[in-house]
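Here's the structure we're looking at; comments come further down.
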Amino acid sequence: MREFSRTLGDAVKRARGRLDLTQAQVASKIDRDTRTVMNIEHYKGNPKMEVLYPLIHALQIDSREIFNPEMERETPSIQRLRSLIAECDEQEAATMIPVVEAVLSALRANRVRAIKTS
């Protein structure tokens, strides 16, 4: 078994579990046979790009998790935040920037205050 097969299979399993999807549901989303998803999850397969691309997209997998497994895995919250941002159009993203900056500033200020009062 090649190491990339394990990395891909594990990423697909995690994402499918996070989205609460069956192998059959994933296969339907990417217009493939259930056996394709099953083989990937069991590290038996070397999917072509026409399978890999829709699979990563349908399961909202950060491709870095597959292609750069040495990078530290992000927490589920950060993964979810990245997915939400990726779904934004330019206007939505531009509108959200000042909101996110304000929330982060408030959270960080509260953290500093809490540390100083401890």
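Observations on the structure shown:
- For region 1-47, the helices (runs of 4 or more DSSP H) that sit wholly inside it and include 3 or more residues that are farther than 15 Å from Ile66 by Cβ and either in contact (Cβ under 8 Å) with a residue 60 or more places away in the chain or in contact with a Lys or Arg (Cβ under 9 Å, 6 or more places away or on another chain) (or both) are 23-29.
- Filtered by the rule that a residue be aliphatic (A, V, I, L, M), touching a helix residue (DSSP H, G or I) at 6+ places or on another chain (Cβ under 9 Å) and without any contact (Cβ under 8 Å) to a residue 12 or more places away in the chain, region 53-83 gives Ile56, Met71.
- The residues of region 1-32 that are surrounded by fewer than 13 Cβ atoms within 10 Å (Cβ to Cβ) and over 21 Å from Gln79 (Cα atoms), listed by number, are Met1, Arg2, Glu3, Ala24, Asp31.
- Residue that is nearest to Arg18 (Cα to Cα) [pool: residues in region 79-101 that are part of a helix (DSSP H, G or I) and of a type in the set (D, E, K, R)]: Arg80
- Filter pass, Thr117 being surrounded by fewer than 10 Cβ atoms within 10 Å (Cβ to Cβ) and within 20 Å of the chain's Cα centre (by Cα): no
- Against the conditions (1) in a loop (DSSP other than H, G, I, E, B); (2) exposed (fewer than 12 other Cβ atoms within 10 Å of the Cβ); (3) acidic (Asp, Glu), Glu50 satisfies every one except (1).
- Qualifying residue in region 62-85 (condition: among the hydrophobic types (A, V, I, L, M, F, W, C), modelled with pLDDT of 90 or more and either closer than 17 Å to Arg6 by Cβ or over 13 Å from the mean Cα position of the chain (by Cα) (or both)): no
The values are calculated or read from the model by the stated rules, or taken from the named source; none is laboratory data. As the structure is a computational prediction, the values presented were derived from the model and not from experiment. Positions of Cβ are generated from backbone atoms using ideal geometry, with glycine treated the same way; all protein chains shown enter the neighbour counts.
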